[in-house]
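One structure is given here, and the rest of the page talks about it.
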Amino acid sequence: MADRLAGKVAIVTGAGSIGHGWGNGKATAVLFVREGAKVLLVDRNRDAVGETAEGCEGMVAACVEASGRLDVLRNNVGILAHGVAFEHTLADLDRVLAVDLTSVFLGCKYAIPVMIANGGGSIINLSPIASNHHLGPAYVSYPTTKAAINQFTKVTAAQYGMHNIRVNAILPGFIRTPMVELSVVDAFRGKAKLDDAERECTITEYLDKRNAQIPLGRWGEVWDVAKTALFLSSDDSAYISGIEMPVYGGAAGMLA
């Protein structure tokens, strides 16, 4: 089906990729455009996060100025900081909170009034399987912030449903993206940096380990996530709000 988002205006954050290939945000942005939406693409261009509130407010303002409305906000941000609780510095925690949680809150803060004025909208947050399952890698701030997004999603959905604003979370599982190859695998091995030979070996080991935990027998693709975002953005999901949509091949039943 084509043109499922015809006439809609969307913001997709995290629309770039931290490495070569397709990330979830990039795939979602492309699919939204293919389905008829006008899309404002947003991504960070530096590691440090500064002026977060002004950046989110400006993002929404730019979208409204260019298109006159905002129908879909796809929050797709996520970074990692290596280390368990006693190893983490406060700076580590603050940085991950700012990117993974505060930016989502601020994006919603400035998008919701515009959506109310437009008569409704759809907000889709990214909150991976790590938000409710311990997957093994040595990081603590990432799953903690993502767990907070789950509750933020449900509370915000309840509070703004009266304005025809739907808020849902997508929980991707084992999706092979540049982030997996450049960040998650390092955490899984407990190393901050690996040379090329070590990295390739580690990726193979990590993929094999996770394949054994996926009932469908394969890693997911970014298009699996993008198609779910399309559904939650379109009128096909007009009566769905406040949910955590799992996209992980049935793997939850295989995890502790």
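Just so it is clear, none of the values below were taken in a lab; they were calculated from the coordinates. This one's a predicted model, so the numbers in the text were calculated from it and none came from an experiment. Methodologically, a virtual Cβ is constructed for each residue, glycine included, from the backbone with ideal geometry; neighbour enumeration extends over all protein chains shown.
Within the range 204-256, the chymotrypsin sites (Phe, Trp or Tyr not before Pro) that combine a DSSP coil assignment with at most 11 other C-beta atoms in a 10 angstrom radius are Tyr239.
For the range 53-130, state which GluC sites (Glu not before Pro) are in a DSSP loop and have at most 16 other beta carbons lying within 10 Å of their beta carbon. Sites meeting the loop and neighbour criteria: Glu87. Taking chymotrypsin sites (Phe, Trp or Tyr not before Pro) across the range 56-112, the ones in a DSSP loop with at most 13 further Cβ atoms lying within 10 angstrom of their Cβ are Phe86.
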